[in-house]
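Enquirer: The structure's right below; bear with me while I get my questions together.
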Amino acid sequence: MSYTQTLQDTARALVAARKGILAADQSPRTIDKQLEAIGVKPTAEMRRKYRQLLFTTPNIEEYVTGVILHDGTIRNHTDDGTLFSDLLIAKGIIPIIKVDKGTVPHTNFSGEVLTQGLDNLRDRLEEYYNMGARAAKWRAVFTISEHTPSEQNILFDCMTLSRYAALCQEAGVVPIVEPEVLFSGNHSLERAEAVTTQVLQKLFEQLQWYKIDLSGVILKSSMVLAGSEYAQQTPAEEVAQATMRTFMNSVPKEVPSIVFLSGGQTPQRATENLDAIAELEAQEGGFPWELAFSFSRGIEQPVQEAWKGKEEKVEEAQRALIKRLQLNSMADQGTYDPSME
Ligand code: 13P
């Protein structure tokens, strides 16, 4: 099978109808904060137990095509020593590796950050490929304020995303490029649309300039939302229209698929917005891309609340996971209703 064919097949498999991607790639620092919030002492063992709970959930493969893992998780294992990556592969789920190394302040650009992680990436991708990873994620972060994001911040992160994407494709790994425009802030919906359009146009200009094969790329995007502190929150239908208008103005048709992050919305709101996007798709007679969910907090929050670190609550937490996945699967088809909550 040719190189292009392999990347395209993986990209397509990751957005199979009615399914999505579980983003379980929180850094140790982030997952520790989430564990503390549910009253669990954050240790490496509790992090392992939590991931084991997620990945051993019965029938998870009916709703999930791929799981995004942090470096420490892809090397970790279940109680009986089975590597998490092998467990997922046995269920027909594609292991995806988060390869960026988080953000650092952007010198001279107050309030902005740059994503790092290109050092040794070629070697790291080869190792991850040998561990079974067939896709890799890299997240860039853009903050909306009166003066941000700056053109310099957008350009640098989009160039970095292009370099990472090139190394991924060279390694036979699908890049899941994630330019996240943050939900936090007091900006309007119009401003979020303008910024997201600007970021995505620059991103695809750079990806093409660096000769990335767009047919083997997945875009992971934020939905277009008024800021979390903006007085007027937007109804789902308008979020759907603004989001899809943004993509039509910036994402080339060669890109096979776009998946969404939840970005700090409540799990229900993320699902409602996904459902409105699918309904809009039906009204419009289809969009050029396969659309799917790739939530972390939007799926895992209820799971963590049900579990609270207690062994006797594992099954209840796994039921909460399946429920959230089912609701998002319905939303992916535009058949979700809030009464199902
Ligand atoms: P959220 O769904 O919690 O925004 O996370 C998705 C993700 O992959 C962030 O990088």
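The values are calculated or read from the model by the stated rules, or taken from the named source; none is laboratory data. Keep in mind that this is a model prediction, so the values were computed, not measured. Cβ placement follows ideal geometry from the backbone for every residue including glycine, while neighbour counts extend to all protein chains displayed.
Enquirer: May I ask you to list pairs of residues, at least six apart or on different chains, whose Cβ atoms are under 8 Å apart, with the first in segment 9-28 being more than 16 Å from Gln301 (Cα to Cα) and the second being of a type in the set (Lys, Arg) and at pLDDT 95 or above?
Expert: Thr10/Arg134; Pro28/Arg47
Enquirer: Please specify each residue of segment 54-71 satisfying the condition of being surrounded by fewer than 20 Cβ atoms within 10 Å (Cβ to Cβ) and over 18 Å from the mean Cα position of the chain (by Cα).
Expert: Hits for segment 54-71 are Thr56, Pro58, Asn59, Glu62.
Enquirer: Same structure, new question: I'd like the full set of residues that are under 15 Å from Leu22 (Cβ atoms) and hydroxyl-bearing (Ser, Thr, Tyr), limited to segment 290-341.
Expert: Within segment 290-341, Ser294, Ser296, Ser329 meet the criteria.
Enquirer: Of all residues in segment 173-199, count the ones that are among the β-branched types (Val, Ile, Thr) and either on the phi > 0 side of the Ramachandran plot or within 16 Å of the ligand (Cβ to nearest atom) (or both).
Expert: Within segment 173-199, residues that are among the β-branched types (Val, Ile, Thr) and either on the phi > 0 side of the Ramachandran plot or within 16 Å of the ligand (Cβ to nearest atom) (or both) number 6.
Enquirer: Out of all the residues in segment 91-112, which are farther than 21 Å from Ala23 by Cβ and either surrounded by 15 or more Cβ atoms within 10 Å (Cβ to Cβ) or among the hydrophobic types (A, V, I, L, M, F, W, C) (or both)?
Expert: Hits for segment 91-112 are Val104, His106, Phe109, Glu112.
Enquirer: Confirm whether Ile144 is within 16 Å of the ligand (Cβ to nearest atom), in a loop (DSSP other than H, G, I, E, B) and either at pLDDT 95 or above or within 21 Å of Arg29 (Cβ to Cβ) (or both).
Expert: yes
Enquirer: For segment 245-252, does any single residue satisfy the condition of being more than 15 Å from the ligand (Cβ to nearest atom), over 24 Å from Ala13 (Cα atoms) and in a helix (DSSP H, G or I)?
Expert: Yes, that holds for at least one residue.
Enquirer: Moving on. Take segment 166-188 and flag every residue that is in contact with a Gly (Cβ under 9 Å, 6 or more places away or on another chain), among the hydrophobic types (A, V, I, L, M, F, W, C) and in a helix (DSSP H, G or I).
Expert: Cys168
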